[in-house]
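The values are calculated or read from the model by the stated rules, or taken from the named source; none is laboratory data. Note that this is a predicted model, so its numbers are computed, not measured. In this analysis, Cβ positions are derived from the backbone assuming ideal geometry, glycine residues included, and neighbour counts consider all displayed protein chains.
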Amino acid sequence: MSTTTTVDVVGTARDRVDGRLKVMGAATYPIDVNLPGLAHAALVQSTIISGRIRDIAVDDAERAPGVVAVITHLNTPPLAIGPPTEIGPQPLPPFQSDAVLHYGQHVAMVVAETREQANSAAALVEVTYERDTPVLSFDDERATEVTHPWTPDHDRGDVSSALAEAEVRINQIYTTAENTNNPIGLFATVAVWDGDALTVHDTTQNPHGARDALAAAFGVDPAGVRILVPFVGGAFGAGLRVWPHVPLAALAARITKRPVKVVLTRAQMFTAVGHRPNTIQLLSVGASRDGLLAAIDHVSRSSIGMEGELINLVTNGSLTAYACPNVSTRARQIRQSIPIPGWMRAPGEAEGSFALESAIDELSYALNIDPIELRIKNHAHVHPDNALPWSSNALLDCYRLGAERFGWSARTPEPRSMRKMDQLVGYGMGRGALGAYQPPCKAIATIRRDGTAFVRSGGTDMGPGTYTVMSMLAADCLGVPIERVRFGLGDSAMPKAPQEGGSGFTGALGNAVHATCVSVVRAFVNLVSDDAMSPLKGCRLEGITVRNGGIQITDDPARFETYADILTRHGLDEMTIEGESAPPGETSSATMIVQEGRFIPYTPPSTGTLAHAGAFAAHFVEVNVDPDLRTIRVARVVSAVDGGRILNPKTARSQIIGGIAMGIGMALLEETVSDRTGRLVTTSLAEYVVAVNADVRDVDVLFVGEPDAMTPLGTKGIGELAITGMAAAIANAVYHATGTRFRSLPISIEKVLGLQPGH
Amino acid sequence: MKEFTFERFTQTTDAASAAAARSGAMYLAGGTTLVDLMKIDVLTPDIVIDVGPLGLSRIDVSDDAISVGAGVTNSQLAWHPVVRDRFPVLSEAILSGATTQIRNMATVAGNILQRTRCPYFRDVHASCNRRQPGSGCDALNGFNRGHAVLGVSEHCIATHPSDMCVAMIVLDADIHTMRPDGATRLIPFRNFHVAPGDTPHIEVALEHGELITHIVIPHLPAARRSHYLKVRDRASYEFALASAAVVLDLDGDTIRAARLGLGGIATTPWRATEAEQSLKGRKASDATFREAAETALAGAVAREHNHFKIELAKRAIVRAFATAREAKV
Ligand SMILES: Cc1cc2nc3c(=O)[nH]c(=O)nc-3n(C[C@H](O)[C@H](O)[C@H](O)COP(=O)(O)OP(=O)(O)OC[C@H]3O[C@@H](n4cnc5c(N)ncnc54)[C@H](O)[C@@H]3O)c2cc1C
């Protein structure tokens, strides 16, 4: 008796399946879509910050060469707001009144034969405004606080007495700047109607969300609305909501009875697709002399626009970060006359972790305890709220192995004590974490008579490598060589998928693909179980191995048959099965774990026995600070990551590096600036400074930990993880290098010189 | 972008007379400034005349000078072996600017004539005396972190963004032009850019249609000991917050002569002549350099957000001179 082993592709470092297409310019992004009869739209944006449109003169624009239509609030029908998605409400629809609530609000749309004609006619639209005084500061007495159903107020224990009694206290204000996502792909929408059916090519991370929003806006059946986005072009969260230009493109197409395309300009990307709002955070930490945390009190105020709602849970991370008996968190939102914010990579968590991880660092100096030691001392071995053991938690390994890889032991604790040539050297670290999240997701899998597999779901790949890891997963689960697997994404006609956001999509889709592929194999097993012609007759899922495009009896390699042969014999063209993921901690009967081609029954943990852990990271940073010029350069980063089961170390590593790069930007460079009048002034990538390659030097990523027990797949979300705790790790390193604590991001050169305005 | 017609000539005189004949004509070289500003309606030429076919792309080296065609790319000039050898400050200045891709497109004349990055200049809805004479200046009380502290006026505080020009002014380059009537003239670099005063819209000493043909950089043996230091937020691909171009002529540790140019902090490529004079005959110490830096920035006027640039520029000056002093030549 011999057995055959197959080797999983999952877990190996593989190039992107779509890499070649992208490098050759053959991947079609929404901006590339061209249709016969296409008209082009350009947006006119408000140049005031707050007030009303008194008059819009469109005659010159209408008469300009090539112009097909000019749309304003005066000729726009009522558009309904779409239903809330998995992650909250959509922005309000555009052109519904004469109110101007922020700089850069769309006030008119010009449709013309060419993009150039639309742009030049847009410049002819003459808007007369009535100005109001905008609300531009949290201290403005007209600034109102938003209350909403996601009130992120949490209390554990008694924070005020614990703080009062604490032997050591840190009590500081931390601020983070407004940041803008800036994916390299400009957001584009191409809309075309056929009766009441609407097809839209759109830069979105949520095709089903966009479908539902557009159906609601125009009062048509969602079944007739189709969103296509095979390639996104990056988004970092900007594609999670249906922004005003999307219904406007559909409206223009309806009015002109032609396909209409709108592409935002880079400047418009700063005002029209959301951003990370700024925060002011008050953080108090109390501890005993020997370094045990007694209390954390975290209060955040962040900005939100004058209308609409947005979930922004800045302080939630502080609740479960450490084994601290007394914790209170408050996250408030203050209405300001700013462009409508949205989500940007680890929204809330990136900002909140800056405050918390800075304060913990400050505490380590106050106590004279090594920052890693302090964190290990206060490690939450169980979930701090319900005392349940974690479903997986390798944070301690992140600390230890990351520190080792980094060479933390060479650090001398005294600030300004380390130098390299003429540069001040600082070592800093920070803890990163992102809570577990896995929304429901469906997928569909087909095996065709030619032996190829086509697996698909209506989510997106905005760049992390979803096509690649899902192809790998499907290949393993079906035993079909990866070259013969095609994965489909970016089409709302495919099974319903959640947004690609909240670091929940690999888990959501991966578990759906896994479950669906198991069902496909099960269907083949059922087909041959009493098929006398099949060498597999009588087989059961537990006794087979899938490999080489077919099924083998595990103990008898001679008993093998390809899917193609089975389909042919049964006169079938294909086998297609739809499936869905089970919620974490639950399992459907279909769920097995597929390993090396075998099917192993998966038993989820008994309900209520484990706390579903998210992903963890420990970041270690070396900065070099020029003692005279005060420039800061991040010389080295080591990030140790507990990401559960890593499907593809190469794409996973890229995700972490991307988060680190964005963390460097957040810590040192990025700030979306409005001047005192409320006008946005950093509206290009020359003025809004993100980290470039020269700023992201020696970066090392280390994966630790085990597959998570809560789902068959065992993954954790790592798309946003790396930016959490990253800005603090850098700020902590800057403190170690310079002896000056920077609590306000970005740590720009004037701050390091001590010469920022107001000082 | 406004519609325009596109013209090409092979003779400089034809190009110049075609440009001079129509007020809405502009030359196009690499297009990295012009097309960028056309796309945001800041520049709206009716006629765009391509200088590419004019063949102004030679670099001629003689014992006493190097002559650089107007159409030589920034990359070609920066990597030219004679420039690397004789004028490190020029090579370093060019290579500190923009990116490889942009430097491969950008030309020497285009670089000299590039426009300010002031966000209010670049926003047609803002008030800007430079873009629209008499409309006011939103930068004065606006976001002025990137703005100038030297050569400013009550009408304009826009920074001249070029790196290359700071090295050119320090090297006493001459700009050679051809007027529409075919006559040529020579404009010393330091007379070329004009401080805003109360006419910010007049930026350079060129007449309409006047074509830059080449730049001549006289040989300067001391320039072997020269350096360009650029300070900015990120490590690459950003305009200067402050920069210093220095040439140091040493006799042991005594300064025989020194030259100092400043970038990122002035409305024109800036030559700090008084500071240069003050260094003559002094010991080449950091303290001496700091004194010169104080002199160079004595007339600086800061606004709300750019105050730090004064101190930053002083430190950049000291560091640039100190680096030049230590250079092995
Ligand atoms: C993103 C970005 C970053 C940059 N960063 C930097 C930086 O860090 N440092 C820096 O110094 N620069 C920087 N630049 C500016 C860059 O150096 C200039 O855009 C470039 O040098 C212009 O050269 P060009 O040949 O493309 O000029 P063009 O855009 O073709 O022309 C510029 C101007 O010169 C005129 N012109 C061109 N040739 C002639 C001629 N022969 N005679 C008369 N007039 C002429 C044109 O009419 C036009 O007004 C940056 C530019 C960009 C877009």
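Anything in the stretch A:691-707 that is under 11 Å from A:Ile664 (Cβ atoms), of a type in the set (A, V, I, L, M) and more than 8 Å from chain B (Cβ to nearest Cβ)? List them, or say none.
Those that are under 11 Å from A:Ile664 (Cβ atoms), of a type in the set (A, V, I, L, M) and more than 8 Å from chain B (Cβ to nearest Cβ): A:Val696, A:Val699.
Might you check whether a residue that is β-branched (Val, Ile, Thr) and either part of a loop (DSSP other than H, G, I, E, B) or within 19 Å of A:Ala39 (Cβ to Cβ) (or both) occurs anywhere in the stretch A:89-108? Before the answer, list the steps.
So in the stretch A:89-108, the residues β-branched (Val, Ile, Thr) come out as A:100, A:107.
Remaining after also requiring either part of a loop (DSSP other than H, G, I, E, B) or within 19 Å of A:Ala39 (Cβ to Cβ) (or both): none.
No - not one qualifying residue is present in the stretch A:89-108.
Inside the stretch B:100-109, can you point out the residues that are of a type in the set (Ser, Thr, Tyr) and within 7 Å of the ligand (Cβ to nearest atom)?
In the first step, residues of the stretch B:100-109 are kept if they are of a type in the set (Ser, Thr, Tyr); the result is B:100, B:107.
Answer for the stretch B:100-109, where residues must be of a type in the set (Ser, Thr, Tyr) and within 7 Å of the ligand (Cβ to nearest atom): just B:Thr107.
Working carefully through the options A:Asp422, A:Asp491, A:Asp476, find the one that is over 25 Å from A:Ser639 (Cβ atoms), touching a residue at least 60 places away in the same chain (Cβ under 8 Å) and in the same structural domain as A:Ile369 (by TED's automatic domain parsing). Walk me through how you get there before you give the answer.
Working: A:Asp491 fails: in the same structural domain as A:Ile369 (by TED's automatic domain parsing); A:Asp476 fails: in the same structural domain as A:Ile369 (by TED's automatic domain parsing).
Result of the check over A:Asp422, A:Asp491, A:Asp476: A:Asp422.
Please verify whether the stretch A:623-641 includes one or more residues that are under 19 Å from the mean Cα position of the chain (by Cα) and in contact (Cβ under 8 Å) with a residue 12 or more places away in the chain. Show your work before the answer.
Pass one, the stretch A:623-641, residues under 19 Å from the mean Cα position of the chain (by Cα): A:639, A:641.
With the extra rule that they be in contact (Cβ under 8 Å) with a residue 12 or more places away in the chain, the set shrinks to A:639, A:641.
Yes, because at least one residue in the stretch A:623-641 is under 19 Å from the mean Cα position of the chain (by Cα) and in contact (Cβ under 8 Å) with a residue 12 or more places away in the chain.
Report yes if A:Glu687 is farther than 23 Å from A:Phe354 by Cα and facing chain B (nearest Cβ under 7 Å), otherwise no. Reasoning before the result, please.
Details: farther than 23 Å from A:Phe354 by Cα: yes; facing chain B (nearest Cβ under 7 Å): yes.
Taking the combined requirement at face value, the residue satisfies it.
Based on this model, can you work out whether B:Ile47 counts as more than 9 Å from the ligand (Cβ to nearest atom) and either at pLDDT below 95 or within 14 Å of chain A (Cβ to nearest Cβ) (or both)?
Values: more than 9 Å from the ligand (Cβ to nearest atom): yes; either at pLDDT below 95 or within 14 Å of chain A (Cβ to nearest Cβ) (or both): no.
Criteria not met by B:Ile47.
If you check A:Leu136 against the conditions, is it assigned to a loop (DSSP other than H, G, I, E, B), more than 34 Å from the chain's Cα centre (by Cα) and either surrounded by 15 or more Cβ atoms within 10 Å (Cβ to Cβ) or of a type in the set (A, V, I, L, M) (or both)?
Working: assigned to a loop (DSSP other than H, G, I, E, B): yes; more than 34 Å from the chain's Cα centre (by Cα): no; either surrounded by 15 or more Cβ atoms within 10 Å (Cβ to Cβ) or of a type in the set (A, V, I, L, M) (or both): yes.
It is false that A:Leu136 is assigned to a loop (DSSP other than H, G, I, E, B), more than 34 Å from the chain's Cα centre (by Cα) and either surrounded by 15 or more Cβ atoms within 10 Å (Cβ to Cβ) or of a type in the set (A, V, I, L, M) (or both).
Scan the stretch B:132-141 residue by residue and report those that are assigned to a loop (DSSP other than H, G, I, E, B) and either modelled with pLDDT under 95 or surrounded by 23 or more Cβ atoms within 10 Å (Cβ to Cβ) (or both). Lay out the reasoning, then the answer.
The initial filter retains those residues of the stretch B:132-141 that are assigned to a loop (DSSP other than H, G, I, E, B), namely B:132-136, B:138-141.
Once the filter is applied, which keeps residues that are assigned to a loop (DSSP other than H, G, I, E, B) and either modelled with pLDDT under 95 or surrounded by 23 or more Cβ atoms within 10 Å (Cβ to Cβ) (or both), the stretch B:132-141 yields B:Asp138, B:Ala139.
Report every pair of residues separated by at least 6 positions or lying on different chains whose Cβ atoms are under 9 Å apart, first residue within the stretch B:141-156 and in contact (Cβ under 8 Å) with a residue 60 or more places away in the chain and more than 14 Å from chain A (Cβ to nearest Cβ), second among the charged types (D, E, K, R) and not in a loop (DSSP other than H, G, I, E, B).
Here the result reads B:Ala148/B:Lys309, each pair linking the stretch B:141-156 to a residue that is among the charged types (D, E, K, R) and not in a loop (DSSP other than H, G, I, E, B).
Among A:Glu500, A:Glu542, which is among the acidic types (Asp, Glu) and in a loop (DSSP other than H, G, I, E, B)? Spell out how you get there, then give the answer.
Values: A:Glu542 fails: in a loop (DSSP other than H, G, I, E, B).
After ruling out the rest, the residue left standing is A:Glu500.
Condition first: of a type outside the set (Asp, Glu) and free of Cβ contacts under 8 Å to residues at least 60 places away in the same chain. Now tell me which residues in the stretch B:316-329 satisfy that.
B:Val318, B:Ala322, B:Lys328
For the stretch B:183-203, check the following and say yes or no: at least one residue is within 9 Å of the ligand (Cβ to nearest atom) and more than 14 Å from chain A (Cβ to nearest Cβ). Spell out how you get there, then give the answer.
Step one: list which residues in the stretch B:183-203 are within 9 Å of the ligand (Cβ to nearest atom), which gives none.
Looking for residues that are within 9 Å of the ligand (Cβ to nearest atom) and more than 14 Å from chain A (Cβ to nearest Cβ), one finds none in the stretch B:183-203, hence no.
If you take the residues of the stretch A:45-69 that are surrounded by fewer than 19 Cβ atoms within 10 Å (Cβ to Cβ) and closer than 13 Å to A:Met109 by Cα, which of them is nearest to the other protein chains (Cβ to nearest Cβ)? Please lay out each step first, then the result.
To start, the set of residues in the stretch A:45-69 that are surrounded by fewer than 19 Cβ atoms within 10 Å (Cβ to Cβ) comprises A:47, A:51-52, A:54-55, A:57, A:59-60, A:62-63, A:65-66.
Add one more test, that the residue is closer than 13 Å to A:Met109 by Cα, and what stays is A:57, A:62.
Working: A:Ala57: 16, A:Glu62: 18 Å.
The qualifying residue nearest to the other protein chains (Cβ to nearest Cβ) is A:Ala57.
Name the residue that is surrounded by the most Cβ atoms within 10 Å (Cβ to Cβ), counting only residues in the stretch A:658-684 that are within 11 Å of chain B (Cβ to nearest Cβ) and closer than 20 Å to A:Glu720 by Cα.
A:Ile664
Mind checking whether some residue in the stretch A:750-757 is polar (S, T, N, Q) and touching a residue at least 60 places away in the same chain (Cβ under 8 Å)?
Residues of the stretch A:750-757 that are polar (S, T, N, Q), as a first pass: A:756.
Next cut, touching a residue at least 60 places away in the same chain (Cβ under 8 Å) only: none.
Taking every residue of the stretch A:750-757 in turn, none turns out to be polar (S, T, N, Q) and touching a residue at least 60 places away in the same chain (Cβ under 8 Å).
Can you find a residue that is surrounded by 20 or more Cβ atoms within 10 Å (Cβ to Cβ) and within 12 Å of chain B (Cβ to nearest Cβ) anywhere in the stretch A:723-746?
Yes, the stretch A:723-746 contains at least one residue that is surrounded by 20 or more Cβ atoms within 10 Å (Cβ to Cβ) and within 12 Å of chain B (Cβ to nearest Cβ).
Please give the number of the condition A:Arg226 fails out of (1) within 14 Å of chain B (Cβ to nearest Cβ); (2) in contact with a Lys or Arg (Cβ under 8 Å, 6 or more places away or on another chain).
(1)
Looking at the stretch B:62-91, I want the residues that are under 17 Å from B:Asp172 (Cα atoms) and have a partner that is within 16 Å of the ligand (Cβ to nearest atom) and among the basic types (Lys, Arg) with Cβ atoms under 6 Å, at least 6 apart or on another chain. Which pairs are those?
These pairs meet every condition: B:Gly69/B:Arg58.
Yes or no: A:Asp708 farther than 18 Å from A:His275 by Cα and within 16 Å of the ligand (Cβ to nearest atom)?
Numbers: farther than 18 Å from A:His275 by Cα: yes; within 16 Å of the ligand (Cβ to nearest atom): no.
So A:Asp708 does not fit the description; no.
Just one of (1) within 11 Å of the ligand (Cβ to nearest atom); (2) in contact with a strand residue (DSSP E or B) (Cβ under 9 Å, 6 or more places away or on another chain); (3) of a type in the set (Ser, Thr, Tyr); (4) in contact (Cβ under 8 Å) with a residue 60 or more places away in the chain trips up B:Ser57, so point out which.
The number of the failed condition is (4).
Would you list the helices (runs of 4 or more DSSP H) that sit entirely within the stretch B:64-131 and hold 2 or more residues that are surrounded by fewer than 23 Cβ atoms within 10 Å (Cβ to Cβ) and within 14 Å of chain A (Cβ to nearest Cβ)?
Working: elements: B:74-79, B:81-86, B:88-95, B:100-105, B:108-112.
Answer list for the stretch B:64-131: B:100-105.
Being surrounded by fewer than 22 Cβ atoms within 10 Å (Cβ to Cβ) and within 26 Å of B:Ala148 (Cβ to Cβ): is that true of B:Ala327 here?
Numbers: surrounded by fewer than 22 Cβ atoms within 10 Å (Cβ to Cβ): yes; within 26 Å of B:Ala148 (Cβ to Cβ): no.
Answer is no for this residue.
This table checks each residue for (1) free of Cβ contacts under 8 Å to residues at least 12 places away in the same chain; (2) within 14 Å of another protein chain (Cβ to nearest Cβ).
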position	(1), (2)
B:Thr213	no, no
B:Ile217	no, no
B:Leu220	no, no
B:Arg224	no, no
B:Leu229	no, yes
B:Arg234	yes, yes
B:Tyr237	no, yes
B:Ser243	no, yes
B:Gly252	yes, no
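Name the residue that is farthest from the ligand (Cβ to nearest atom), counting only residues in the stretch B:13-33 that are in a helix (DSSP H, G or I) and surrounded by fewer than 21 Cβ atoms within 10 Å (Cβ to Cβ). Please lay out each step first, then the result.
Taking the stretch B:13-33 as the starting set, the residues that turn out to be in a helix (DSSP H, G or I) are B:13-21.
Next, from what is left, pick out any that are surrounded by fewer than 21 Cβ atoms within 10 Å (Cβ to Cβ): B:13-14, B:17-18, B:20-21.
Details: B:Thr13: 13, B:Asp14: 14, B:Ser17: 14, B:Ala18: 13, B:Ala20: 12, B:Ala21: 15 Å.
Filtering the stretch B:13-33 for residues that are in a helix (DSSP H, G or I) and surrounded by fewer than 21 Cβ atoms within 10 Å (Cβ to Cβ), the one farthest from the ligand (Cβ to nearest atom) comes out as B:Ala21.
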